[in-house]
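Colleague: First, the structure itself, so that you have it in front of you.
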Amino acid sequence: MLISMKPYIILVYIFYVMSSVLLAADVIDLSGDWRFAMDVSDAGLQRQWYKALLPGGEILCLPGSMQSQGFGSDPGPSTPWVGDIRESELKKLKYAPYRSANNFKMPFWLQPDKYYKGAAWYQKNVKIPSFWVGKHITLTLERPHWETRVWVDESAAGSINYLSVPHTYDLSELLTPGEHTLTIRVDNRMIINVGPNSHSISDHTQSNWNGIVGAITLKAQPAAYIADVQVYPDLEQRAVKVITHVISRSENRKAGQLEYRIDIEGAKTSTYLIKDVQLTSAGKIYECLIPMAKSIRIWNEFNPNLYTLKTALKTDGLSDEYVTTFGMRQIALEGSRIMLNGRRIFMRGTLECCIFPKTGYPPTDVASWKRIINICKSHGLNHIRFHSWCPPEAAFIAADELGFYYQVECSSWANQGIGLGNGQPIDQWIYDEADAVLRAYGNHPSFVLFAYGNEPAGPENGGVFLRKWVSHYKQKDARRLVTSGSGWPLIEPSHYHVDPSPRIQQWGQQLDSRINSEAPETVTDYRDYVKRYPMQSIISHEIGQWCVYPNFEEIKKYTGILKAKNFEVFRDFLKGRHMLDQAHNFLMASGKLQVLCYKEDIESA
């Protein structure tokens, strides 16, 4: 008897659609309009703004920054910038025309249209569906700047001050079915002194913005859920070690199963493993070794093969799933050589200083980061060092897919008034930030190098503190190489040194450097210098800091929040010098002047 397949196909389609709807219903996207208030007098906490509608009736859109939407003050002579300023230089007579409130132009960096430093409040009504009752509910704020505090109605949910990773709040006890008021306070002052010139916070680079510029979501998971999955490839055993953290909101012990499935695009087979587990409210961590197929595909810059691991926790008829990607790659040292998958690699890198003039903050979409990486690759590079900051998730995804290597840093340049190992809050914060970075981005194969940050101060230039820090993270996570800081200190525990010594121009050499005082050549050999460190690799530190004449045609390209007011200052200077040159030539030609010295007061006239 023949049976029509059409009803069966329809039922399968309905099941697929309903599954997609249910999955989508477990995530509420909070992007869009939010009520907003600047807390200029810093009174919001004392006056408990979270208990009522925010004052002022302002509305803005998140994700985004408040400054990019026209909020804040016009920059001026009294703006409290984040970052060192050469006050003696700024007070010179030639800058006087640019220090007034109606013609303020900062000569040292790009200038934002609006500026604000302090607390700002964001508020939105949310409606929690009835089927979320009893579930594990989290609020995720991707790339806020900087410290966040959260309230549900009148109840506090805590505060977080990470710079590198999303802020995630457990709101399971506060978000019952029905309507609630969600209030978020974002403070972009110096919460922890990580160094005022750190590219993660400084006006020198991305700007000191206030807001939340990535995904803002509420997510519901079953009462028994997967909190984290970390993947450790093992090329020698042709396997992956998987560490899974599971938690149950129930006080009673429950039996369940963890199911693992590994796939790679284009392959016909999958790897499965099922593990019985016992769940408790305190949480448990399970470790297992999953054999891979005989013909594994490695990940590197030439073959960026990515595997997908789907981990499912099943208990009481419910299932929670955690999906992550990883690459089969291992990075290690062989003497002083960096080896990836058993083959020597050479790091050809550039510096990414978190400068995004259009928005004033880094992008959180994959396409933008692929554009950046492809530009780097077109110049023959394979590596980006993130100077005293860590990029968002999208940057890692882009690098994984394109085959690119990252050095990530813990958002700190602990210098200029702060140092490591002095017993200040930054010491613990660097450990907390590093743990958060490894937890959030540790599975990404592009994340191959890790440092505390840039050029630290402190006892032995930070070496006393960083010897323990490097040793700790070498032992904790062998998926990447670890160093102390970029620039210094050169300490024994480091896998590699980011060293300023082997380069063509040293700080302060000016015209006496090799590149300026000798003929161009490509035969200089640093072999003898490298031999000083037989057990560490050497990556040259900031080899290309060159002074260049500004291209004033670029001024019109600054159409975003940051403007090249400094270029306008320099253009005025050159126009003034040109006029003086003309006057000088005229007077010399007329015989009325023999010598005219370009003193500062003459140039500024």
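The values are calculated or read from the model by the stated rules, or taken from the named source; none is laboratory data. Note that the structure is a prediction, hence the values are computed from the model and not measured. Don't worry about glycine lacking a Cβ; one is built from the backbone with ideal geometry, like all the others, and counts go over all protein chains shown. Please note that ligands, DNA and RNA were not included when accessible areas were found on the heavy atoms of the full protein model with its side chains. Shrake-Rupley method; radii C 1.70, N 1.55, O 1.52, S 1.80 Å.
Colleague: Could you please find all residues in the range 417-442 being open to solvent by less than 30 Å² (accessible area, probe 1.4 Å), in a helix (DSSP H, G or I) and of a type in the set (A, V, I, L, M, F, W, C)? Don't jump to the end; show me each part of the working.
Modeller: Quick first cut of the range 417-442, residues open to solvent by less than 30 Å² (accessible area, probe 1.4 Å) only: 418-420, 426-427, 429-430, 433-434, 436-438, 441-442.
Cutting the leftovers down to in a helix (DSSP H, G or I) gives us 426-427, 429-430, 433-434, 436-438, 441.
Hits for the range 417-442 are Ile426, Trp429, Ile430, Ala434, Ala436, Val437, Leu438.
Colleague: Taking the residues in the range 138-157 that are open to solvent by less than 10 Å² (accessible area, probe 1.4 Å) and either touching a His at 6+ places or on another chain (Cβ under 9 Å) or assigned to a loop (DSSP other than H, G, I, E, B) (or both) as candidates, determine which candidate is nearest to Arg249 (Cα to Cα).
Modeller: Only one residue tops the list, namely Leu139.
Colleague: Starting from residues that are among the small types (Gly, Ala, Ser) and in contact with a helix residue (DSSP H, G or I) (Cβ under 7 Å, 6 or more places away or on another chain), keep the ones in the range 307-347 and report whichever is least open to solvent (accessible area, probe 1.4 Å).
Modeller: Kept after step one, since they are among the small types (Gly, Ala, Ser), are these residues of the range 307-347: 312, 317, 319, 327, 332, 335-336, 342.
Remaining after also requiring in contact with a helix residue (DSSP H, G or I) (Cβ under 7 Å, 6 or more places away or on another chain): 327, 336.
Working: Gly327: 4, Ser336: 35 Å².
Filtering the range 307-347 for residues that are among the small types (Gly, Ala, Ser) and in contact with a helix residue (DSSP H, G or I) (Cβ under 7 Å, 6 or more places away or on another chain), the one least open to solvent (accessible area, probe 1.4 Å) comes out as Gly327.
Colleague: Among Ala394, Ala399, which is the only one that is more than 19 Å from His199 (Cα to Cα) and either touching an Asp or Glu at 6+ places or on another chain (Cβ under 9 Å) or surrounded by 18 or more Cβ atoms within 10 Å (Cβ to Cβ) (or both)?
Modeller: Checking each option against the conditions leaves just Ala399.
Colleague: Turning to a different aspect of this structure: Please give the number of the condition Thr181 fails out of (1) open to solvent by 20 Å² or more (accessible area, probe 1.4 Å); (2) assigned to a strand (DSSP E or B); (3) in contact with a Pro (Cβ under 8 Å, 6 or more places away or on another chain).
Modeller: (3)
Colleague: Identify, please: which residue in the range 98-124 is free of Cβ contacts under 8 Å to residues at least 24 places away in the same chain and in a helix (DSSP H, G or I) and is, among those, least open to solvent (accessible area, probe 1.4 Å)?
Modeller: Taking the candidates together, the pick is Asn103.
Matching residues to (1) crowded, with 22+ Cβ neighbours inside 10 Å; (2) not in a helix (DSSP H, G or I):
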| site | (1), (2) |
| --- | --- |
| His444 | yes, yes |
| Leu449 | yes, yes |
| Pro459 | no, yes |
| Phe465 | yes, no |
| Ser471 | no, no |
| Gln475 | no, no |
| Val482 | yes, yes |
| Leu490 | no, yes |
| Pro493 | no, yes |
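Colleague: Filtering the range 511-554 down to residues that are among the hydrophobic types (A, V, I, L, M, F, W, C) and part of a loop (DSSP other than H, G, I, E, B), which residue is least open to solvent (accessible area, probe 1.4 Å)?
Modeller: Ala519
Colleague: Hey, another quick one. For the range 277-325, name all the residues that are assigned to a strand (DSSP E or B), in contact with a strand residue (DSSP E or B) (Cβ under 8 Å, 6 or more places away or on another chain) and either over 18 Å from Ile243 (Cα atoms) or of a type in the set (Ser, Thr, Tyr) (or both).
Modeller: Tyr286, Ile298, Trp299, Tyr307, Thr308, Thr311, Thr315, Leu318, Ser319, Tyr322, Thr324, Thr325
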